[in-house]
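One structure is given below, encoded as structure tokens.
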Amino acid sequence: MQRSAFWSSQSAFRTLGRLSLVGLVAVGGTAGSAHAGNQSAANGAQRAGTIEIASFGALTGPDAVYGVSSLNGQRLAVDEINASGGIDGRKLALVQYDDLCEPTQAAIVASKIISNKSFTAAIGPVCSADALAALPIFARTGVPLIMAGDSAPQITTMVKEHAYTFATRLSPQDSQNGPELATLAISVLHKTKIAILYSEDDYGQGVLAAAKPVISKLGGSVAAQESYTPSTTKDFTPQLTKIAGSGADVLLLLGYYSDTGIAVSQLARAGVSPNVTLIGSDSTAQQPFVTLAGAAANGVYLVPFYSPNNPSAVNRQFVTAYEKAYGSAPTGNAVMGYQAVYTLANAMRAGGSSGDLAERIRAIDFEGPAGTVDFDANGDLKGNPATVLRVSNGKLVADQKLTIALEKALKSD
Amino acid sequence: MATETLGGRLVVQNICVNYGAFRALDGVSIEVAPGSITGVIGPNGSGKTTLINAITGIQAASGTIRLDGQVLGRRSVPRRAELGLARTFQAIRLFQSMSILDNIMLGAHRLMRAGLFESVLRTPRSRREIARRRARAEVLMSVFGPRLLPRMHQLAVNLSYANRRRVEICRAFMAEPLLLLLDEPMAGMNPFETQELSEQLPELQKLVPTSILLVEHKMDVINALCSHVYVLDHGVCIIEGDPRTVQSDPAVVEAYLGVE
Amino acid sequence: MITFVQQVINGAAAGSVYALLAVGYNMVYGLLGFINFAHGDLYMFSTFIVLAMVTLHVPFWGAVAVGMVAACFLGMSVERIAYRPLRTANRIAPTVSAVGVALVLENAAQVIWGPATRPFPTPLPQGLFRVDGVVITAMQIVILLTAAAIAVALRVGVYHTSWGRKLRAIRDDLPTAELVGISVNRLVSSVYAVGAALGLISGVLFAAYYNSVYVTMGLTGTLNAFTAAVLGGIGSIGGSFAGGLALGLLQSLGAGYISSGYQNTITFVVLIVVLLLRPNGMFGKLTAARA
Amino acid sequence: MIIAGWVVMIVGAVVVLLLPQVSSPYVLFVATEVLLYVPLAIGQNLITGNTGVLSMGHAALYGVGAYTTGVLVSHIAIGVPLTLLASAGAAALVGLGVSLTTQRIRGDYLFIVTIGLNFIFLDVVNNSTWSGAATGLFAIAPPAGGLLAVTTPARFFYLSLGVAALCVLISLAILRSRFGRAMEAVRDDPLVAATMGLKEVPIKAGIFGVAGAMAGLSGCVLAYFLGSVGPQDFNSNISLLIFEMVIIGGLGSVSGSVLGAIVLIAVPEFLRSVQEYSLGIGGVLIVVMMVLRPEGVLGSWRTAR
């Protein structure tokens, strides 16, 4: 019995035994609850004849702001569609999953979605790295996936390389926004000494990478290039002080409004001259940017792919409904979530039973609040012309003249 | 026991230890002959534990310490243990989360030859080595009769005070040291247990030939065990010699009783 | 040169905020030898309470008072629940249980107030002065003055009141302090309360200076406070201020002259180097080691 | 008793081995993720539970393993066995280096320092071109043929099962050997351990090396499993998660660490409704564990000095 009990207090055998017991219980529990989960989902689908849509994105954690915004937009669209009788009498239902903006979680969530046969399509996520991890998993079943907030150019590469025809992407890309910002600064506003403040993540680095070649092509120069850690950096004065000392006459803000808003509020303190022109990227162009930046936001140019001020009727109706539902103006993520649901709904309505749903999604062409929704051969949104906004008295106001000038300058390149 | 072949001669010359401005040891020189039990006595705070700490390398000290002619100098605590020093502590320090056997087996660490890979893979050589050491541990425990042997798989934390002492002593002997430093091993024991232990120490020494430096309070223990004794007071060695002679010295009496 | 002076001024202001956070943290450390890993989250949570009050149209100073009371209460409850039972345990246990408390506070704040960064409306002066091209803001002056005033007040509190004497007795020898009739529990509790209150002041200044309150400022706060404390010397009040300023300057100049992408790296490399060279911090005295 | 133990073990093994045949892809994914965390939790347990070193930067070692595989695969055609070895080796070296450079730093200071090392790791990969900066590395695929061709979810499951089982066995073997006792001796009383000839520095460095190798193996499998490596998977939240696994499972217990991995990965999966509170629930569990039983649910560390 005492087999060379040098180690008398912890027998390895006992540990192995415990391990297997622990494993068994876990497997049992896993199988049981997964089974129950599928069962209830299946029941639900049969009961009401609903169309189930999987929605995933960061719902908790530091990036939850974007995921929750997108989900709000999706919910609003679903409610509208259901209120108007659903699709052929069937109601839409969203089932949401949290991926925390971590690729591992995104892979797990994706596998959970494809394991559940009742989903018609999936919408999400809000972080590019998550999309890249989830795409190969969706490829196994080919459930249509509408990406609603991922701007990295690598997604196009992956979709193209593997011919992921099930995937479409609703967000404009970093590769579009970067050149727009550079062109606005150099060709339209005639400022050539450029300073850049970018977020140290795939978004900031992506826009930066797309903007830099255009800057040199148009004859501008990068006087300062400073990064910060998204959602962690709150003291931007070291970077801004350096920018102030660089003698730049324009500052590009490539990051999320929650960061760039704070950065702008610290400009004066860092000695940045009020004469320096500020241009914010798409993710900066949100109303909360002004709240965070305060008075310093006045006069800032913003180049979003979407503006709540867009005068189209679809947009006015969307903004009113959104504000009524959530008490705040819609963000870019919200409008993408909203359009994602309409993309799906319109594709389903359009095709009846003919053809593949993913194919029909790619063939869609309709006016959404953010402009025309129309995909190219890689499932990317065909670029909508950028809007130039200017902050005036704490409001984002569309600048028609600059918008037209920018469009012209972009075309002439 | 063939004293000549034995190592374990400790020569301490003129060591000093300072705690800030306070001089805990002031030029103490002692010698432990191979195979002997040499005593160190002295009132509380006279520097006895500091002396052991200095020898084992826990406390930095000036002066020279030689073990069989080798200067210990700046060698680290574990290095000194490898050279053949082992000790016990005045306040017992066992590994409470381990069994008695584990505690004692750890004492043999310096003697184990099987390396990490061999031990982890449990090669026949390492198994044989462990079996051999374990047999040795049981022999040492058996010196204490039925006190430890039947309880060897119990956790150290559950033992009585005296038994913990015994485990600590076994653990030190397990290292088969050249020199063993015992820091008040009888402290907290009743007269019967003290008596027992002073008979068992020579028995253990017979099993594991080693020199012993014994720090003790109880004069009868010193009388029974030691051939030679040093008396410390206020960090200075005030006298040395045969226990009986030393005891009658007026300086010792004064140091102990505080007679003016 | 102007850029350099500007970086120094901005670094000093940021550093003063760290210093106020570090000092509350350091008091607990100096007294009991625990890393209060929840200190940053206490400061985050109580600052959110102030923000919530302000949003409910409570006058600003009233809101700060409410926040202060809440901070003290939170600090004391945390001590009672997660530390007191572990005062005699090994070193790992209280540090780990503090991590647990930090997580609870962080989660609670996220559930109550959401994950977004919130702007902080403040009545503190917003003006700025230009001296030879260098900008100094009124708020920076307020921050520096507040930090200096609190440093003086604390010094008086710890070295010239009976409260301070008792604290030092506990720090030097807790069991004996208990024996001579000092009510250790009450005093330790009071230190947590004072520490949390200083944290709140630091939080309000932080929120006003950076115009932001957000959930993850807790962890960042803890790390900055610890780094400041180590740079200045664990357990010393003056050291916290020196360390806070040093950290502020370090981050400011590091981002300005080395690379803004490696701001964390610069901070932590300095921390590690200091700990390797001076295991008790730059100006640290050997506090009674509780090995 | 022993027969019952064997029965449980055999049934457990059969069920686990058959899992890919009977479960949905999702359950298989979650099971694979749990298995990926097992070597991490076990390594953290060796460091914190058995050797008593308070360290919370394990995700960095995990990341070193994943990035090693990512970089190797994107430059040379290399088989899975070699990337496994390279990742384990690289992470082991980093672990060893961390331990050796920080050996003078006191226990609770080291806690913060290791959190800092995690941040430093992120700064480095976020700002380097070899690591693909913030976007990371993509299209990490093993050669289709060859030994250990991991191409299907089932094979990923078996690969991570193999890695996890290997790490459990190594960990048990170390703890059963005299070095296991030596680690615990250093943890419980470094001074006494030193007087017996146990050298704290090499023991701690060795454990960091072993734990690093385990984390490296996991990182390698993760890189293939996701097909991509990015900084988001190795931030301090992941370190915290690994740390929690060991605390909740019980410091010092191998089976506890495995239990911790299961509890913290699988349970939240099936309790999505409470996910909003998962952070706080974890926090409460940690406090309760520390106050009531610092040694853990299945812990072997029986004392609190």
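The values are calculated or read from the model by the stated rules, or taken from the named source; none is laboratory data. This one's a predicted model, so the numbers in the text were calculated from it and none came from an experiment. Cβ placement follows ideal geometry from the backbone for every residue including glycine, while neighbour counts extend to all protein chains displayed. Only protein heavy atoms, including side chains, enter the accessible area calculation; ligands, DNA and RNA are left aside. Shrake-Rupley method; radii C 1.70, N 1.55, O 1.52, S 1.80 Å.
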| said: Checking the structure you have, find out if any residue of the stretch A:129-148 is among the hydroxyl-bearing types (Ser, Thr, Tyr) and more than 30 Å from residue C:106 (Cα to Cα). | reply: yes
| message | Exactly one condition in (1) closer than 30 Å to residue C:82 by Cα; (2) open to solvent by less than 40 Å² (accessible area, probe 1.4 Å) is false for residue C:185; which is it? | response | (2)
| request: Tell me which residues, restricted to the stretch D:29-85, are open to solvent by 10 Å² or more (accessible area, probe 1.4 Å), farther than 23 Å from residue D:210 by Cβ and within 12 Å of another protein chain (Cβ to nearest Cβ). | output: D:31
| Candidate set from the stretch C:210-269 (those that are in contact with a strand residue (DSSP E or B) (Cβ under 7 Å, 6 or more places away or on another chain) and free of Cβ contacts under 8 Å to residues at least 40 places away in the same chain); member that is surrounded by the fewest Cβ atoms within 10 Å (Cβ to Cβ) | C:261
| field | Test result for residue D:107, touching a residue at least 12 places away in the same chain (Cβ under 8 Å), within 14 Å of another protein chain (Cβ to nearest Cβ), open to solvent by 30 Å² or more (accessible area, probe 1.4 Å) and more than 30 Å from residue A:209 (Cβ to Cβ) | value | yes
| task | Answer yes if at least one residue in the stretch A:112-126 is touching a residue at least 60 places away in the same chain (Cβ under 8 Å), crowded, with 24+ Cβ neighbours inside 10 Å, in contact with a Pro (Cβ under 9 Å, 6 or more places away or on another chain) and more than 11 Å from chain D (Cβ to nearest Cβ), and no otherwise. | result | yes
| remark: Only one of C:153, C:169 is in a helix (DSSP H, G or I), aliphatic (A, V, I, L, M), open to solvent by 20 Å² or more (accessible area, probe 1.4 Å) and farther than 26 Å from residue C:70 by Cβ, namely C:169
| Odd one out for residue C:65, checked against (1) more than 12 Å from every other protein chain (Cβ to nearest Cβ); (2) in contact with a Ser or Thr (Cβ under 7 Å, 6 or more places away or on another chain); (3) farther than 22 Å from residue C:140 by Cβ | (2)
| Of all residues in the stretch A:176-205, which are within 14 Å of chain D (Cβ to nearest Cβ) and free of Cβ contacts under 8 Å to residues at least 60 places away in the same chain? | A:198, A:200, A:201, A:204, A:205
| query | residue B:169 versus (1) of a type outside the set (Lys, Arg); (2) within 13 Å of another protein chain (Cβ to nearest Cβ); (3) closer than 15 Å to residue B:93 by Cβ: which is the lone unmet condition? | reply | (2)
| said: Kindly evaluate residue C:95 against the criterion of being under 13 Å from the mean Cα position of the chain (by Cα) and open to solvent by less than 10 Å² (accessible area, probe 1.4 Å). | reply: no
| message | Taking the conditions exactly as written (under 20 Å from residue A:344 (Cα atoms) and at pLDDT below 90), does residue A:88 satisfy them or not? | response | yes
| task | Give A:68, A:78 a once-over and let me know the one that is surrounded by 18 or more Cβ atoms within 10 Å (Cβ to Cβ) and either without any contact (Cβ under 8 Å) to a residue 24 or more places away in the chain or charged (D, E, K, R) (or both). | result | A:68
| message | Being on the phi < 0 side of the Ramachandran plot and without any contact (Cβ under 8 Å) to a residue 24 or more places away in the chain: is that true of residue B:116 here? | response | yes
| said: Looking at D:117, D:122, D:222 in this structure, which one is more than 14 Å from chain C (Cβ to nearest Cβ) and either hydrophobic (A, V, I, L, M, F, W, C) or surrounded by 24 or more Cβ atoms within 10 Å (Cβ to Cβ) (or both)? | reply: D:222
| field | Condition broken by residue C:182, with the remaining ones in (1) over 29 Å from residue C:61 (Cβ atoms); (2) in contact (Cβ under 8 Å) with a residue 12 or more places away in the chain; (3) within 21 Å of the chain's Cα centre (by Cα) satisfied | value | (3)
| note | Per the filter on the stretch C:109-144, residues more than 11 Å from every other protein chain (Cβ to nearest Cβ), of a type in the set (A, V, I, L, M) and part of a loop (DSSP other than H, G, I, E, B) are C:124
| Search result, residues across the stretch A:238-259 that are closer than 24 Å to residue A:187 by Cα and under 27 Å from the mean Cα position of the chain (by Cα) | A:250, A:251, A:252, A:253, A:254, A:255
| Looking at this structure, is residue A:105 at pLDDT below 90, under 17 Å from residue A:382 (Cβ atoms) and open to solvent by 20 Å² or more (accessible area, probe 1.4 Å)? | no
| query | Could you give every pair whose Cβ atoms fall below 6 Å, whose first residue belongs to the stretch C:1-15 and is within 7 Å of another protein chain (Cβ to nearest Cβ), and whose second residue is surrounded by 24 or more Cβ atoms within 10 Å (Cβ to Cβ) and assigned to a helix (DSSP H, G or I), counting only separations of at least 6 or pairs across chains? | reply | C:3/A:241; C:6/A:241; C:7/A:241; C:7/C:252; C:7/C:256; C:10/A:237; C:10/C:252; C:14/C:248
| query | Any chance the stretch C:50-58 includes a residue that's open to solvent by less than 10 Å² (accessible area, probe 1.4 Å) and closer than 26 Å to residue A:239 by Cα? | reply | no
| query | Residues D:223, D:205, D:215: which one is in a helix (DSSP H, G or I) and touching a strand residue (DSSP E or B) at 6+ places or on another chain (Cβ under 7 Å)? | reply | D:223
| Candidates D:267, D:258, filtered to the one that is open to solvent by 20 Å² or more (accessible area, probe 1.4 Å), assigned to a helix (DSSP H, G or I) and either at the interface with another protein chain (Cβ under 8 Å from one of its Cβ atoms) or of a type outside the set (S, T, N, Q) (or both) | D:267
| request: Restrict the check to the stretch B:57-74 and report whether at least one residue is free of Cβ contacts under 8 Å to residues at least 40 places away in the same chain and polar (S, T, N, Q). | output: yes
| field | Near pairs, Cβ below 9 angstrom, 6+ apart or cross-chain, from the stretch D:37-58 (at positive phi) to any residue that is of a type in the set (S, T, N, Q) | value | D:52/C:90
| task | For the stretch C:28-47, state whether one or more residues are β-branched (Val, Ile, Thr), within 10 Å of another protein chain (Cβ to nearest Cβ) and in a helix (DSSP H, G or I). | result | no
| Options D:205, D:213; residue that is buried (at least 24 other Cβ atoms within 10 Å of the Cβ) and in contact with a helix residue (DSSP H, G or I) (Cβ under 9 Å, 6 or more places away or on another chain) | D:213
